[in-house]
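Read the structure below first, then the notes.
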Amino acid sequence: MFRLQSSKVLAVEMTGDAVRAKNGSMVAYDGDMAFRKLTGGGEGVRGMVTRRLTGEQMTVMEVKGRGTCWFADRASDINLVGLRGDTLHVESSNLLATEGGLRTGTGFTGLRGAAQGNGLFTTTVEGHGQVAIMSDGPAVLLRVAPQYPLTVDPGAYVAHQGDLRRSLQSGVTFRTLLGEGGGEAFQMRFEGDGLVYVQPSERNTIGGDV
Amino acid sequence: MPFREINSKVVEATVAPGRRLFSQRGAMLAHRGEITFTPSTAGGQGGLRSMIGRRVAGEDTPLMTVEGSGTVLFGHGGHHVQVIDLSGDTLYVEADRLLAFEDTLEQGTVFLGSQGGVRGMVRGRVSGQGLFTTTLRGHGSVAVMAHGGVIEIPVTPQRPVHVDPQAYVAHHGEVRNKLSTALGWRDMVGRGSGEAFQLELSGSGAVYVQASEEKL
């Protein structure tokens with residue numbers, strides 16, 4: 001059971017079940033807990049190979065036990081997302097914890113990742129349960145509808161869920177080449193029906209300086 | 001209550017004649033009224049002997065005495081500030097986390113090695129606390145800094161709490177702490193879960209934990 005102790009600390013009540021969390025993100029616990037780094041971080045040998053190949057290496061530990069366990073990471077803000085059979089796409093660096101019943105995988109996201117500076121792949125979480133995602137500053141939840149597509153800065157993108165198509169847009173014009181760019185040369189465009197989480201801060205991206 | 005939280009990162013302190021404060025040097029943001037700030041060469045209280053004690057211990061964060069009458073705003077480095085009220089018990093806290101405290105509190109330095117010998121010393125090293133830590137005892141309030149806000153977790157005899165040494169901020173009450181290791185063969189081959197060292201706090205009191213593994 002996930003609960004926010006404060007905006008930056010996640011409390012998880014456990015009764016013998018397991019959760020997966022970012023390696024080293026435990027700050028305190030009571031009761032009995034066991035921490036184990038997951039081999040490869042994914043499901044089975046295939047997940048391991050995929051992760052090795054894709055470079056989407058999120059180091060994950062499995063926490064199992066009874067009691068309350070508190071998680072936090074570098075004072076990031078934490079948002080809880082409930083999944084009911086749908087899929088959440090999240091930047092692996094923004095994933096803090098997932099309930100044991102959820103499956104994590106690696107999704108190919110096209111060339112967008114290259115501009116974003118952290119690879120061509122993101123993490124997908126699917127199943128039924130809760131996910132805790134992190135953002136640098138409180139995240140904003142933006143709705144995308146068929147008639148209202150959304151464009152976000154790749155550095156501010158955190159996660160999205162729902163039936164969304166995502167594409168990379170380049171706003172490179174002759175001005176950019178002359179060094180007069182507006183600083184927003186690469187953008188992510190979402191079309192369809194779903195939700196996008198955006199943080200009030202921008203990661204360093206390759207395209208970010210243009 | 002001499003401290004009032006203005007927001008999560010700034011506290012306002014009220015100073016009146018006979019009610020002095022100690023604060024970290026340079027942590028004053030603004031003040032109203034007639035207030036004087038004097039570098040406190042003795043490093044707080046306890047005379048020369050404890051001053052030397054603190055020098056040796058590396059717990060001699062420069063403090064200043066704040067006196068006069070008026071209000072002072074304190075904040076430092078954009079860190080979150082937590083006000084802790086003490087009613088006769090002892091707060092154990094790292095000196096560089098102290099933002100300000102009332103002069104009714106008695107300041108001291110403890111050698112961690114005296115709590116559990118060599119293991120105590122190892123504990124200090126691992127938690128980055130060093131071998132010495134500062135204690136404040138008596139009745140009064142303390143403003144403590146932490147990275148990313150603080151949560152208070154009660155410690156009861158039936159319910160010991162384990163804390164990541166890097167996220168530990170302070171504790172008070174009758175709390176024993178010991179470093180427990182969960183080192184397994186996995187850590188030896190570089191497959192550790194990153195939670196190999198834990199501070200185990202037992203007894204009765206409370207522990208303050210910050211939402212980050214970063215030092216100040």
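The values are calculated or read from the model by the stated rules, or taken from the named source; none is laboratory data. All values reported here derive from a predicted model rather than from experimental measurement. Positions of Cβ are generated from backbone atoms using ideal geometry, with glycine treated the same way; all protein chains shown enter the neighbour counts. These area figures cover heavy atoms from the full protein model, side chains too; ligands, DNA and RNA do not enter into them. Shrake-Rupley method; radii C 1.70, N 1.55, O 1.52, S 1.80 Å.
Over the whole of B:161-173, what's the average partner chain Cβ count within 10 Å per residue? Rounded to a whole number, please. If you average over the peptide's residues, the count of other-chain Cβ atoms is 3. For the pair A and B, the buried accessible area comes to roughly 2100 Å² in total, with a 1.4 Å probe and the value rounded to the nearest 100. Note on A:93-102: average number of Cβ atoms from other chains within 10 Å of each residue's Cβ is 0. Averaged over the residues of peptide A:69-79, the number of Cβ atoms from other protein chains lying within 10 Å of each residue's Cβ is 5.
Say R0 is 56 Å: what FRET efficiency, to the nearest 0.05, do B:ASN7 and A:GLN147 get from their beta-carbon distance?
Values: r = 40 Å, r/R0 = 0.72.
My answer for the efficiency is 0.90.
List, in the order given, every pair from A:LYS22/B:LYS9; A:LYS22/B:LYS215; A:LYS64/B:LYS9; A:LYS37/B:LYS9; B:LYS9/B:LYS178 whose Cα-Cα distance in the structure shown is over 25 Å.
Beyond 25 Å: A:LYS22/B:LYS9; A:LYS64/B:LYS9; A:LYS37/B:LYS9; B:LYS9/B:LYS178.
A simple packing score, the average count of other Cβ atoms within 10 Å per residue, orders the peptides A:28-35, B:91-98, A:146-153 as B:91-98, A:28-35, A:146-153, with the highest score first.
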